[in-house]
1. Where the accessible area of the range 260-410 is counted over protein heavy atoms with a 1.4 Å probe, how much of it, in %, is carbon and sulfur?
2. Cross-link list Lys179/Lys238; Lys339/Lys407; Lys263/Lys288; Lys263/Lys367: which exceed 29 angstrom alpha carbon to alpha carbon?
3. Express as a percent, rounded to the nearest 5, the fraction of DSSP beta bridges in the chain (both residues included) that run antiparallel.
4. With charges only on Cβ, +1 for K and R and -1 for D and E, what is the dipole size of the range 91-177 about its Cα centre, in debye, rounded to 20?
5. Could you work out the relative contact order of the range 54-195? I mean the mean sequence separation of Cα pairs under 8 Å and 6+ apart, divided by the number of residues, in percent.
6. Once both axes come from the Cα atoms, what is the angle between helix 87-96 and the longest principal axis of the chain, in degrees from 0 to 90, rounded to 10?
7. Before I look further, what does the range 354-456 give for accessible area per residue, probe 1.4 Å, in whole square angstrom?
8. Out of Ser240, Gln452, Ser294, whose Cα points farthest toward the positive end of the dipole of the chain (charges: +1 Lys, Arg; -1 Asp, Glu; placed on Cβ)?
Amino acid sequence: MKFPTHFPHISGLMEDHHKKMQSDSCDPDRPTHPGTFPTCEAGRSDHQPAERSVDFPVSVVLPAGGTGERTGLQTPKQFCLFMGRPLISYTIQAFERVSWIQSIVVVVAREHMDLMTDIVQQFQHTKVRVVPGGSTRHRSIYNGVLALGEEGRPVADKPKVVLIHDAVRPFVEEDFLYKIAMAAKEQGAAGAIRPLVSTVIATTSEGYLDHSLERAKYRASEMPQGFTYDVIYQAYQKCSESDFEFGTECLHLALQYCGTNAKLIQGPPTLWKVTYKRDLAAAESIIKDTLSRSACAITGGSAQAVTLAGALQKAVGALNMELAVIPDLTGENGWYLLKDWNFIQVSVNRSCLSEVEALLTDLEAAKQALLHPLVVILVLLNGSDELSVSGRALEPEAIMDLASAAKLRNILLYGIQLHQSEDTQRWERSVSRVAEITSALIRDRSPALVGQLLQA
Ligand SMILES: Nc1ccn([C@@H]2O[C@H](COP(=O)(O)OP(=O)(O)OP(=O)(O)O)[C@@H](O)[C@H]2O)c(=O)n1
Ligand SMILES: O=P(O)(O)OC[C@@H](O)[C@@H](O)[C@@H](O)CO
């Protein structure tokens, strides 16, 4: 398995990676169940679960030192890009937004230390320390545990509980982390489990069935897992070379070497691990689904714009998207800049882009585009009367130029144009087309269509 020993700066990696992804023809079929997993909202502040209070220090070890051979790709799966951002950054975000987690140790292969440091800087991750991994997952996790208890670090750094979570399991929610952390504090160890999907069988050396396990008696061991620091540290101190080389279960080490019987807690289906190429497509679909559940329409307060936005709200509602309708982003409405990932600027008989330019400036100041590409859609309603129709039409080049500049700031700007009609059916068809185009643009977030003025 060969891949560059030194990655160019993350932006260069993104370009290289995109080329590799094309060459790997990694555009697999879209998964059959996009968005069926209840997932944590990708960082949406209004969906932050109720604040939990944890009165003991908790740290996290994210093993990310593998090569992802089973994906068949050159790029290790934890560094595969989803809308321009590596998978590991999504996992880190899921932990760093939890207020009672004090520190996160990311364990990567030595040759990826620079890349991982770039990612931390590029996406302004906090609480993160990067340490070198080992030749196996257990060795990597142990390096992370040792880093947490490093001599010379302030005692306050040493956690009471360590959460261990594969870096390629990006969909983890605070509620479940809390359950694991509290159970680990009480019991010494705790782990996530899920029902088995397939039956487990034992085979003979000749490749025949030896016996089958009674599936109802067994569970799949997932992540996150939690341990008191002393238990996981002692377990690794005492375990064998064979454990380090071939083991896959930290809970087993706690039982075998510390006599600590882990509390098992059934977790949600979102805890699955990205392992194969198909899992990358499933993960991207879930992330896109999370980002496309709501939008905010800004009307400027004009009666025609409010009417159109109201009709649009109903039409996109039928497409499973919530649409908030506000006149502007001043006062309390400024909250939407930190809450949503999709914005629709409704303009009536306008030939200039001043409202869009103002929105782009507000979005850039809010810095939401750091973690996810934002979508801004200009919905331009042209009146049916002579004067407005004869008014100067919006120059296609104007929106294309603005969109090119916005794309550099990770904001995807699209345009949709429709014409006021006295004919009710014609008008309803137009609104329905605007809703369908809006939903598709928000869902797919395709860079290819930015700057286009689509006709509804
Ligand atoms: N020496 C290793 C091997 C694995 N891992 C990490 O352990 C997690 C779960 O392991 P797995 O899914 O097996 O990842 P890989 O070993 O990369 O996958 P593969 O076996 O397909 O190469 C991953 O986040 C992986 O990066 C690690 O930190 N150090
Ligand atoms: O074996 P892999 O390296 O693919 O993945 C690690 C998994 O075994 C591990 O994450 C859970 O089963 C819980 O221990």
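1. Of all accessible area on the range 260-410, carbon and sulfur atoms account for 54 percent.
2. Among Lys179/Lys238; Lys339/Lys407; Lys263/Lys288; Lys263/Lys367, the Cα-Cα distance tops 29 Å for Lys263/Lys288; Lys263/Lys367.
3. DSSP beta bridges in the chain are roughly 25 percent antiparallel.
4. Using only the charged Cβ atoms, the result is roughly 220 debye.
5. The value is 33 percent.
6. 80
7. 48
8. So the residue furthest toward the plus end is Ser240.
The values are calculated or read from the model by the stated rules, or taken from the named source; none is laboratory data. Since this is a predicted model, take the numbers as computed values, not measurements. Every residue, glycine as well, gets a Cβ built from its backbone with ideal geometry; the counts of neighbours run over all protein chains shown. Note: accessible area is taken over every heavy atom of the protein model, side chains too, but ligands, DNA and RNA are not part of it. Shrake-Rupley method; radii C 1.70, N 1.55, O 1.52, S 1.80 Å.
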